[in-house]
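*Asks:* Quick one: the structure is below, and I'll ask about it shortly.
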Amino acid sequence: MPISYLASLTSAERTARANMHLGASLAFNAGALNAGGFLAIGQYTSHMTGMVSSAADNLILGDFPLVATAFLSLVSFACGAASSAVMINYSKRNTDRNPYTPPLLLEAFLLLIFGLMGANLRKHELIDMSLTAVLLCYVMGLQNALVTKISNAEIRTTHVTGLVTDIGIELGKLFYWNRHSADRRDLFVAANRRKLKVHLLLVASFFCGGVLGAFGFKYVGFSATIPLAIGMVILSSAPMFKPDR
């Protein structure tokens, strides 16, 4: 049943299949927010590598407001990740509810704010950076920490550098010729095909989300995130409607 399937994606009892499908769904969201957000505010918000590089470049160039902007993005992303960890750990220790529901609902709520008030938030700038960028960095950190904890650090959804690196490694293993495989089993090289499949799916989901997000922001505007928020609400609330066996 659809409800049972959706509930399994955020269940406390994890499976490899659930991790893969949840990761693909959230990677799609991250791609949509990252690409669409760039059209909205002129800044990518999912990868902190660029933020650190930007801070270093602008420090040397003497553009200190942009240095502060980059560090504010980093702090926002870290706060989002910290918030996700606090909510999940608290739920696991103190409630009987699904521990992954609170951060998912918070992300949905923030996406609704972004969709309904993004244009107004953009008018209130902190140092050269709109509040929408702060909000998106926080959401990205929140989501990345959520998926990291759910999958025991096997899956991340807000950036693809590590995914593409792992894809390359597994492809290298896949095409490696084990010339002496018969007598040197300890040196036998074999690709992790499941890992390769998962990472290819995540990259494809991120790209598809980016295409749809860019299209939505170009033709609809900030409200293009409202369907994403509704999807997060459905995903997070599914365990509450799962039929008892």
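The values are calculated or read from the model by the stated rules, or taken from the named source; none is laboratory data. Note that this is a predicted model, so its numbers are computed, not measured. Cβ: placed from backbone, ideal geometry, glycine included. Neighbour counts: every protein chain shown. Surface areas here come from the heavy atoms of the whole protein model, side chains and all, with no ligands, DNA or RNA. Shrake-Rupley method; radii C 1.70, N 1.55, O 1.52, S 1.80 Å.
*Asks:* Can you name the number of the only condition in (1) open to solvent by 20 Å² or more (accessible area, probe 1.4 Å); (2) touching a Lys or Arg at 6+ places or on another chain (Cβ under 9 Å); (3) among the aliphatic types (A, V, I, L, M) that residue 40 fails?
*Replies:* For residue 40, the exception is condition (1).
*Asks:* Let me ask something else about it. What is the residue count in the range 198-219 for residues that are surrounded by fewer than 20 Cβ atoms within 10 Å (Cβ to Cβ) and over 13 Å from residue 32 (Cα atoms)?
*Replies:* Final tally of qualifying residues: 3.
*Asks:* Find all pairs meeting these conditions: Cβ atoms under 7 angstrom apart; at least six residues apart or on different chains; first residue within the range 14-33 and closer than 18 Å to residue 141 by Cβ; second residue of a type in the set (Gly, Ala, Ser) and at pLDDT below 85.
*Replies:* 23/151; 30/46
*Asks:* Moving on to the next point. Under 7 Å between Cβ atoms, at least 6 apart or on separate chains: pull out the pairs that start in the range 89-111 with a residue that is over 25 Å from residue 131 (Cα atoms) and end on any residue that is among the charged types (D, E, K, R) and in a loop (DSSP other than H, G, I, E, B).
*Replies:* 91/97
*Asks:* When the residues of the range 22-38 are narrowed to those that are over 12 Å from the mean Cα position of the chain (by Cα) and under 17 Å from residue 131 (Cβ atoms), which ends up modelled with the lowest pLDDT? Quick ask: steps written out before the conclusion?
*Replies:* Kept after step one, since they are over 12 Å from the mean Cα position of the chain (by Cα), are these residues of the range 22-38: 35-38.
Still in the list and also under 17 Å from residue 131 (Cβ atoms): 36-38.
Numbers: 36: 81, 37: 77, 38: 81.
Ranking the candidates gives 37 first.
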